[in-house]
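The values are calculated or read from the model by the stated rules, or taken from the named source; none is laboratory data. For clarity, every value in this text was computed on a predicted model and none was experimentally measured. Counting neighbours? That spans all protein chains shown, and the Cβs are built from the backbone with ideal geometry, glycine included.
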Amino acid sequence: MLKSIVLYIVVLLISACSRAPEPVKALPDFALTAVTVDGTSPFDLRAMRGRVWIADFVFTRCGGPCPILTANMAGLQKRLPKSIGLLSFTVDPDHDSPEVLTLYARKFGADAQRWFFLTGEKPELVRLIRDGFLLPVVENAAASPGERVTHSTKMVLIDAQGRLLGWYDGDDQASLDKLAADAKKL
C-alpha cells in the first residue's frame with residue numbers, strides 16, 4: 001500500500017513538472033516601436049502571435065538592477081531555442097530613443113531576429129506595463145536620472161496567443177531556470 005502511494009505521488013510530481021503554465025490573462029492591444037541592432041519597425045500584439053515570448057522592463061540609465069536583468073536576458077538568449085522571442089520594454093522612453101536602445105542592444109549582443117527593445121509614447125507604455133502586464137512602474141521626476149523610475153524586476157512569460165503565463169524573478173538564478181524550463185515546454 002505504501003509503495004503504491006509513493007508511486008502515485010511521484011507520478012503526480014512528474015506530471016505537474018512537465019506541464020506548461022496555464023494562461024492568466026490576455027495582453028491588451030498596443031502599438032509600439034521595436035528597436036534592434038538592425039533598425040526599427042512597428043510592433044503590436046499581432047506581431048507577437050505565433051511565438052512564445054519572455055519580457056522584461058528596463059531603462060538604459062538605470063543604476064540598479066537593469067544591467068543585471070539585461071545580462072540575464074542575454075543569457076536566456078543563449079540557452080533557449082531561437083523560436084522563443086525576447087522583449088525588453090523601456091520604462092524611460094523620454095531618454096531611451098531608438099538610437100540609445102540600438103546601442104544598448106549592441107552592448108548586450110542582442111540577436112536582431114529575436115530580441116526586440118520596445119519604446120513608444122510614455123502613456124502607452126505605462127498603461128501596457130500596469131494594466132497589461134500587471135506590474136508597477138512609477139516615475140519620480142525629482143530623483144537623479146539613473147534613479148528616476150521605479151519598476152519591477154520581474155520577467156514575464158507570454159504564450160503564442162499573447163497571454164500571460166507567469167512572472168519570474170529576473171535577478172534570481174533559480175527563477176530564471178524555472179522560466180527557461182517553462183518556456184521550453186510551450
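Applying the selection to the range 63-109, what residues are in a loop (DSSP other than H, G, I, E, B), hydrophobic (A, V, I, L, M, F, W, C) and buried (at least 22 other Cβ atoms within 10 Å of the Cβ)?
VAL91 - this is the single residue of the range 63-109 that is in a loop (DSSP other than H, G, I, E, B), hydrophobic (A, V, I, L, M, F, W, C) and buried (at least 22 other Cβ atoms within 10 Å of the Cβ).
May I ask you to list pairs of residues, at least six apart or on different chains, whose Cβ atoms are under 8 Å apart, with the first in the range 173-186 being surrounded by 16 or more Cβ atoms within 10 Å (Cβ to Cβ) and the second being small (Gly, Ala, Ser) and in a helix (DSSP H, G or I)?
The qualifying pairs are LEU176/GLY75.
Select from the range 114-137 the residues that are buried (at least 18 other Cβ atoms within 10 Å of the Cβ) and assigned to a helix (DSSP H, G or I) and write down the one among them that is nearest to the chain's Cα centre (by Cα).
The qualifying residue nearest to the chain's Cα centre (by Cα) is ILE129.
If I go through the range 21-62 residue by residue, how many of them are assigned to a loop (DSSP other than H, G, I, E, B) and over 20 Å from SER97 (Cβ atoms)?
Residues that pass the stated criteria total 11.
Which of the residues that make up the range 150-165 are in a strand (DSSP E or B), surrounded by fewer than 19 Cβ atoms within 10 Å (Cβ to Cβ) and either modelled with pLDDT of 95 or more or not β-branched (Val, Ile, Thr) (or both)?
ARG163
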